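Participant: I have a structure I would like to understand better, so I am pasting it below and will then ask my questions one at a time.
The values are calculated or read from the model by the stated rules, or taken from the named source; none is laboratory data. In this text the structure is predicted, and so the values were computed from the model without any measurement. In this analysis, Cβ positions are derived from the backbone assuming ideal geometry, glycine residues included, and neighbour counts consider all displayed protein chains. Note: areas computed on protein heavy atoms with side chains; ligands, DNA, RNA excluded. Shrake-Rupley method; radii C 1.70, N 1.55, O 1.52, S 1.80 Å.
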Amino acid sequence: MSDYLAPQLSVSQLKAHCAAQVLGIPDSWRIALNEAELPKPVLDSRDARPGDLFFALPGTRVDGHQFVPELQKRGVYCVVSRDHEFAEHEGLLCVEDPRRVLDWLAAELAGLAQHELRVIGITGTNGKTSTCWILQQLLGGIDPSCGLCGTIMQRVGLGTGTVASLTTPDTLTLARLAQDVIRAGGRHLVMEVSSHAIDQQRAGFFEYAAVAFLNLSPEHLDYHGNMEDYFAVKAGWIALPGHGSRIVCVDSRWGSTLADHLQEPCVTYGEAAGQWRVLPKSEGLEQRFVLQHEDGDTIEMILPLPGRHNLQNATAAVLLALELGLSAEDVKRRLSTILPVPGRMERVSPPAGEKRALVLIDYAHSPDGYERLFQALAGIKRTRTNIVFGCGGDRDRSKRAVMTCIALANADQAWITLDNPRSEDPGQIFDDMLKALTEEQLRRVTRIEDRQAAIQHVLAQAGSDDLVLLVGKGHERYQILGSEKSYFNETEIVRACWEQK
């Protein structure tokens, strides 16, 4: 993905946009820039160079305004809020809302006004990544340069992409990706929209051709505080006027509540209710199912992914594709050949000709994610189920004991280990995980802090008919211990263990 947005706008254009907020360009800017092209916009003060245009935005931990005096000394142009104390300093562009100016600038630089780019946004606690992954492949038949933006990667087309640092990146990164899609001839951009991005106004400069609400379960409560506020953020975004189509899963009370209170029309689906009913026909590593509309129309489909949660994800992707103009036959054909999502029930194949334990890598990291994982495995019969997992540090502590109880209720043996402890004491994480277990459950737990050693240990004792689950890291290719981020690839670790046996 390109790392720079070539300036395409003049200072006069910026002045005209800011005039709507009854504010103007400082004289010092006009003299220095001579009404020429705008300087490069930046959001990270560490990236700002003399002549750049820095947007001072408040963050969850740091307020960008605090860097303004130093940046000014270095010759960086700064955009600030007029309500901030720095607004009185000479030479600053003071606006009502810096983010509104940034959104306008990002949309203009990406060329959205000159091109028809249909953006599809998907939100929900679980399933965003899989739904986006499936939908991009469905759209690939009519748009080979369709873009993808999410937890795993950002890419144009179905090739390799750029590893993502955030589920929904900052405004300028999104603009760069949109620009790349447009330059490649793409007409669609499929993106995950996180609650953090909605709350922090990082997904607002697009007009969405379609949006989807998948589900809601306890997650990110350390940020949102409670489920009602968490729901309000996502529901408020789905309800924004201007979306082309809305898809809502009504298998939960949250989805039903959202659908009942939306002022705009929406398409609902679910196994228990909805305009489209999801009717499973067979389970396993491949599933057959039927989508039945309330008017009687049906579509029979094959999904080469296991689990009821993937059935819901695929349904959302299918309905979005239909809303975007694909035919039912084309969607059906492409769905039957989609590639699996990296790190989502991903199978590690053993060496040719060898029979090994069935090893699955999954990104589940919440109680609801664990429930969905084990529901997906219900149709896969194995002698013993072994799980290796941990819990992330500096995150919601209340879910740790719940996740561990779910794991021990469904697995024969558990290895608890480190996930990404970050700056938190691993001992505290383990204490939180184990505090609700019974004596019988504790006897089935082995604690090995080193995650690679834990994987090696479980593979050494697993039989060829066993199931081994490596849960929590999924697609991630790193581990964060303290402030250090080191390379960590579970697929490579498993294959290395098999080669040594």
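Participant: Along the charge dipole of region 45-202, pointing to its positive end and built from +1/-1 on Cβ of Lys, Arg, Asp and Glu, which listed residue (Gly185, Thr173, Val119) has its Cα farthest out?
Facilitator: Gly185
Participant: How big is D for region 206-261, in µm² s⁻¹ as a whole number, if Stokes-Einstein is applied with the Kirkwood radius of its Cα pairs at 10 °C and 1.306 mPa s?
Facilitator: 134
Participant: For region 448-501, which whole percent of the accessible surface, found with a 1.4 angstrom probe, sits on carbon and sulfur atoms?
Facilitator: 46
Participant: If you wrap a convex hull around the Cα atoms of region 411-465, how much volume per residue is inside, in Å³?
Facilitator: About 88 Å³ per residue, rounded to a whole number.
Participant: Would you give the gap between the C-alpha center of region 347-404 and the C-alpha center of region 88-142, rounded to a whole Å?
Facilitator: 33
Participant: Looking at the chain, send over the antiparallel percent of its DSSP beta bridges, to the nearest 5.
Facilitator: Percentage antiparallel, nearest 5: 35.
Participant: Quick one: with all protein chains in place, what share of the accessible area of region 1-121 is carbon or sulfur, to the nearest percent (1.4 Å probe)?
Facilitator: 46
Participant: Using only protein heavy atoms and a 1.4 Å probe, report how much of Glu37 is accessible, in Å² to the nearest 10.
Facilitator: Here the residue's solvent-accessible area equals roughly 110 Å².
Participant: Considering all alpha-carbon pairs of region 273-320, what whole percent are spaced by more than 16 angstrom?
Facilitator: Tail of the P(r) past 16 Å holds 30 percent of the pairs.
Participant: Restricting to lysines 8 or more places apart or on different chains, can you count the pairs in the chain with Cα atoms under 27 Å from each other?
Facilitator: Taking the chain as the scope, the lysine pair count is 24.
Participant: Using a 1.4 angstrom probe with every protein chain in place, what is the largest-first accessible-area order of Phe67, Phe205?
Facilitator: Highest to lowest solvent-accessible surface, that is Phe67, Phe205.
Participant: Given 4 °C and 1.567 mPa s, how large is the Stokes-Einstein diffusion coefficient of region 390-430 in µm²/s, with Rh as the Kirkwood radius over Cα pairs?
Facilitator: 122
Participant: Tally Lys and Arg at +1 and Asp and Glu at -1 over the other residues with C-beta under 13 Å from the C-beta of Cys132: what net charge comes out?
Facilitator: Net charge around Cys132: +2.
Participant: What base-10 log of the normalised intensity I(q)/I(0) is obtained for the chain from the Debye formula, alpha carbons as equal point scatterers, at q = 0.06, 0.10, 0.12, 0.13 Å⁻¹?
Facilitator: Reported log10 I(q)/I(0), two decimals: -0.31, -0.85, -1.15, -1.29.
Participant: Something else: Quote the convex hull volume per residue of region 432-501, based on C-alpha atoms, as a whole number of Å³.
Facilitator: Hull volume over Cα atoms, normalised by residue count, gives 119 Å³.
Participant: Separate question: Suppose a student asked you for the relative contact order of region 1-155, using Cα pairs under 8 Å spaced at least 6 residues apart; what percent would you report?
Facilitator: That works out to 18 percent.
Participant: Right, something else. When only Cα pairs under 8 Å and 6 or more residues apart are kept, what is the percent relative contact order across region 146-221?
Facilitator: 30
Participant: Sticking with this one: Accessible area of region 214-342 with a 1.4 Å probe: how many percent of it is carbon plus sulfur?
Facilitator: About 49 percent, which is the carbon plus sulfur part of the accessible surface.
Participant: In addition: Please give me the summed charge of the neighbours of Ser195: other residues whose Cβ is under 9 Å from its Cβ, Lys and Arg +1, Asp and Glu -1.
Facilitator: -1
Participant: Kindly write out, for region 475-491 in residue order, the coupling ³J(HN,Hα) from the Karplus curve 6.51 cos²θ - 1.76 cosθ + 1.60 (θ = phi - 60°), rounded to whole Hz, with x marking Gly and Pro.
Facilitator: 6, 4, 10, 7, 9, 10, 10, x, 9, 9, 10, 10, 5, 8, 10, 5, 4
Participant: To check my understanding: the extent here is largest minus smallest coordinate of the Cα atoms along each principal axis. What are those three numbers for region 371-461, in Å, largest first?
Facilitator: 39, 27, 25
Participant: Can you tell me the alpha carbon radius of gyration of region 199-346 divided by the globular rule-of-thumb value 2.2 N^0.38 Å?
Facilitator: Against the empirical 2.2 N^0.38 Å value, I get 1.08 for region 199-346.
Participant: May I pose another question? If you average the alpha carbon positions of region 458-501 and of region 306-339, how far apart do those two centres end up, in angstrom?
Facilitator: 31
Participant: Given Cα positions, please report Rg to Rh for region 265-413, the hydrodynamic radius being the Kirkwood one.
Facilitator: Taking Rh as the inverse mean 1/r over Cα pairs, Rg/Rh reads 1.02.
Participant: Using the Cα atoms of region 121-249 to build a convex hull, what is its mean projected area in square nanometres?
Facilitator: 7.4
Participant: Which whole-number value in Å² is the accessible area per residue of the chain, probe 1.4 Å?
Facilitator: Averaged over the residues of the chain, the accessible area is 43 Å².
Participant: If you line up the long axis of helix 171-183 against the longest principal axis of the chain, both from Cα atoms, how many degrees apart are they, to the nearest 10?
Facilitator: Once rounded, one gets 80 degrees.
Participant: Right, here's the next one. Note down the magnitude of the dipole of region 240-308 about its Cα centre, charges +1 on Lys and Arg C-beta and -1 on Asp and Glu C-beta and zero elsewhere, to the nearest 20 debye.
Facilitator: With Lys and Arg at +1 and Asp and Glu at -1, about 180 debye.
Participant: Further, regarding this structure: Share of Cα-Cα pairs in region 47-92 beyond 12 Å, in percent?
Facilitator: For region 47-92, the share of Cα pairs beyond 12 Å comes to 56 percent.
Participant: Another one. What distance in nm separates the two pseudo spin-label positions at Ser10 and Gln114, each 7 Å out from Cα along the beta-carbon direction?
Facilitator: Going from the Ser10 label point to the Gln114 one covers 1.5 nm.
Participant: Against the longest alpha carbon principal axis of the chain, how many degrees, from 0 to 90 and to the nearest 10, is the axis of helix 308-323 turned?
Facilitator: 40
Participant: Would you please report the Å³ per residue occupied by the convex hull of the alpha carbon atoms in region 1-133?
Facilitator: Output value, Cα hull per residue: 148 Å³.
Participant: Whole-Hz Karplus ³J(HN,Hα) for region 358-375, in order, using 6.51 cos²θ - 1.76 cosθ + 1.60 and θ = phi - 60°, x for Gly and Pro?
Facilitator: 6, 9, 10, 10, 9, 8, 3, 8, 8, x, 5, x, 5, 4, 5, 4, 6, 4
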